Structure formats: C-alpha cells, structure tokens
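Undergrad: First the structure, then my questions, so here it is.
No value in this document is a laboratory result; all are computed from the given coordinates. All values derive from a computational prediction rather than experimental measurement. Cβ sites come from the backbone with ideal geometry, for glycine too, and all protein chains shown count toward neighbours.
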Amino acid sequence: MSGPSPAPGGALDPVQRARAWLSRAVEPGNLALWRFVEEEGPAAAATYLQSGAAPPRVQSLVGARAAEDTADADLRRAERLGARLVCPEDPEWPAVPLHSLTLAVADEPVGGPAPDRTQVLVPPLALWVRGEPRLDELVDRSVALVGSRASTAYGEHVAGELAYGLGERGWTTVSGGAYGIDAAAHRGALAAGVPTVAVLACGVDRVYPAAHAALFARVLDDGLLVSEWPPGCAPLRHRFLVRNRLIAGLTRGTVVVEAAARSGAQATAKRAERLGKAVMAVPGPVTSAVSVGCHELLRDTERGATLVASAAHVVDRVGGIGSDLAERPATPTTPHDSLSDVARRVLDACPVRTGVPPERLASVAGCDVLDVLRVLPALELADLVQWTGTGWRLAPATGR
C-alpha cells in the first residue's frame, strides 16, 4: 500500500490533492459538482471554486469552505493511518462496477431545481481507502449484504452463513459496518478467513459505532475500510443515505437479509435495482416486523427481488453464466418413486395385517388380476409387500 503520490520536487500530485480538497469542500453525491469536475478536470475545478470563479450554481455548494484548504493535512493524516486516496485516475479505481453510477446520471436533467442528493446515483469523486488490499481487486467479485440494525438471531445467523459461504466461493462481502446484519456479515466473512469491505459514512479513522473497534481492526487485517469523506469526518445522519448508493454501486448485487418496511437496507436494494444490479432478499417469518421490507421486495411483480436462501443461490444470481450455477438440493428417494401406476394402486390396495388373494387386490385396485400378478413379484423384491401363506399384505415396515 502506498500513501499520497508525490509529484516531481516532492509536492503532492495536483490531481490527487484537488480531489482531496473537493471531498471535504462539498458533500459527496452532488450531481452539479460531479459534472463540473468532469467538464473542467479536478485541478481546474478546485481552483475555480477556491477563487470564487465557478458558476453560481456550483459555487454555492462550497460556501464558506472555499477558503478552507486542509487537503495536504488530510492526505498526510491518511498516510499516517495506513490509508490512501484512490482517484478515478488511479489503476486501483474500481471503474467497472462504478460505471453503473455514471450511466445512471446520464439522463438526469442539467438545469432546473437541485435534485435530492440522497436519491441521485452520482459517482464518487474519490474514495479514501484504509487497508492493504487493492480496492478494485476486492470488489471485482463482491456482493453487498445489508439489513436491519435491530436484527434477530435468525437474521444474524443467515447473514453470517451467507458471508461465510460467499467467502468460500471466492466472493467478497461488502457491508456498512453497522450493528445487526452488517456486523454479522463482516464476521461471517472473517470466520471464513477471507477479506471483507466496510463502507463507512464517516472518515476511515473514525470507529462508528464505537463498540465495533475490535471488528474494524479485524476487517483491516485482510480487508478494507472505505469512505467518500476525508479523515476526521463525523457520521452525520444524512451521510448514511448517501453512502448506501456506494455500497450498491461497488458490488454486483445486493442481498437484503432483514429490513423493516422503511429502512436503509431497503433503500440500498432500490438503488441497486436502479443501477441494473441484482437484488436479492432472504424471506423471514411472516410475523416478523424486520422482514416486512424483504417480503415487499419479493412481492414486487415488476422488479421483484430474487429469493435466496444460501450462498449458492446468491452466486447463481450474480456469477458468470454457466460457471456459477447453484446445485439443486438433493431430493430423498424411496422405492415408491419408481413404481408404475398399476403397482401403486395394487400397493394401496394391500391390507396391513391380513393377507388377501390377488382377486381381492384386483377388485380394490380397479385392474385385472393378471396386472396384479404381474406387479406383485416386483413389489415383493422391493420389500413393499409380503406373502402370508394365504394372501398378500403390506410388508411390516412399509408405509403408504
């Protein structure tokens, strides 16, 4: 892992520095700013905003932050943490999964009233990444596992099993590091000995919730903490909704394990659906309030989620065509399965205790005596019927 890239003469790379400044100057997820940076380039866009020369619509987004410049300090602080700023210009940038966000904003209107930042699927300007692995490699085959903070034991068990099974199959679990389903998903991946990615709504130096300090430390052993906000930023409430689109965008699909009727997990699933990503849901008890959101996703007749109950089901949905198919569950077989229609009817006609002659079996079964005589030897070989000396009856251990 490397820190900020120095330019000739020891100065920080101007593009990286500009994106670091932009990540603090304007809240992520703003469509007008993203388009301005795309048109002007990050270095020129930052210069215009700092000098007050940007278009009014964009300049108003910065406000008093235009005079503040902590980019160098943020980059140095990240370097001390073992973190780095990954930019679209870097080889590590996860360009393939995040391209879905670029496509999503292509049809958004340029003018008119400013859209709700939490609803627009805007690509990130840069990502602060803490941990050793390459971000692009970890999310290349990844699935988001999200759900309720107020989870049940059932939900946590399922989330852990899904993450564990996905890890065994070479897939990375991405979640939000929160209480409940998120934590269970991260722990399931860690139990499998594979990396996991936590996407945060605060700086990568902040532990939120505070009780997850040990969990985040374990995540950093082999995985990553990722955020759009620079070090030191607090987990403000609105940032979680903005963060959800990034979880959906980085992964090939989103699995909702438990979710209430209105929840962040359900919002993440809807963003994944808008991005053209796979949406999956785990069914829960019909009496459970934290499974209402999952059931509503599954009930949607137009864009309904795919029901999944195992890691194999998830991989079958998001994996390669023909290469990641889920095996069908084994179905128990019994000697009854191979019986012909006549044999089944004769078997049903056999009494439990007293043996009866073939003629009686033919009468009850509604077939010819010759048909009865033809199937009885096969039924006897299968230990389904028994000759008593005076007639035929069911074998002692045979059930209907």
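Undergrad: Over the chain, with a Gaussian network built from C-alpha contacts below 10 Å, which listed residue (Val242, Val352, Val129) shows the highest mean-square fluctuation?
TA: Residue with maximal mean-square fluctuation among Val242, Val352, Val129: Val352.
Undergrad: Sticking with this structure for a sec: Can you tell me the dipole magnitude for the stretch 162-301 around its Cα centre, using point charges on the Cβ only (Lys, Arg +1; Asp, Glu -1), in Debye to the nearest 20?
TA: Approximately 380 debye in magnitude.
Undergrad: Which of rounded, prolate or oblate describes the stretch 335-394 when judged by the alpha-carbon gyration tensor and an a/c cut-off of 1.5?
TA: oblate
Undergrad: Mind putting a number on the dipole of the chain about its Cα centre? Charges go on the C-beta only, +1 for Lys and Arg and -1 for Asp and Glu, and I need it in Debye to the nearest 20.
TA: 880 debye
Undergrad: Over all directions, the average projected area of the alpha-carbon convex hull for the stretch 130-318 comes to how many nm²?
TA: Working: hull surface 37.5 nm².
In nm², the orientation-averaged hull projection of the stretch 130-318 is 9.4.
Undergrad: Let me ask you something else. Calculated from DSSP H runs of 4 or more alone, at -39500 (n - 2.57) each and per residue, what is the 222 nm mean residue ellipticity of the chain, nearest 500? Walk me through the intermediate numbers first.
TA: Working: 17 runs with 173 residues, N = 400.
Helix contribution divided over all residues of the chain: -13000 deg cm²/dmol.
Undergrad: Moving on. Taking only C-alpha pairs under 8 Å that are 6+ residues apart, what is the relative contact order of the chain in percent?
TA: For the chain, the relative contact order is 12 percent.
Undergrad: Looking only at GluC sites (Glu not before Pro) in DSSP loops with at most 15 other Cβ atoms within 10 Å, what is the longest site-free stretch of the chain?
TA: By the stated rule (loop sites, at most 15 other Cβ atoms within 10 Å), 90-301.
Undergrad: Right, here's the next one. Given a 10 angstrom Cα cut-off, can you work out which residue in Ala198, Ala144, Ala104 is the most mobile in a GNM of the chain?
TA: Taking springs between Cα atoms under 10 Å, the residue moving most is Ala104.
Undergrad: Where the only charges are on Cβ atoms (+1 Lys, Arg; -1 Asp, Glu), what is the dipole of the stretch 335-394 about its Cα centre, to the nearest 20 debye?
TA: The dipole of the stretch 335-394 has a size of about 200 debye.
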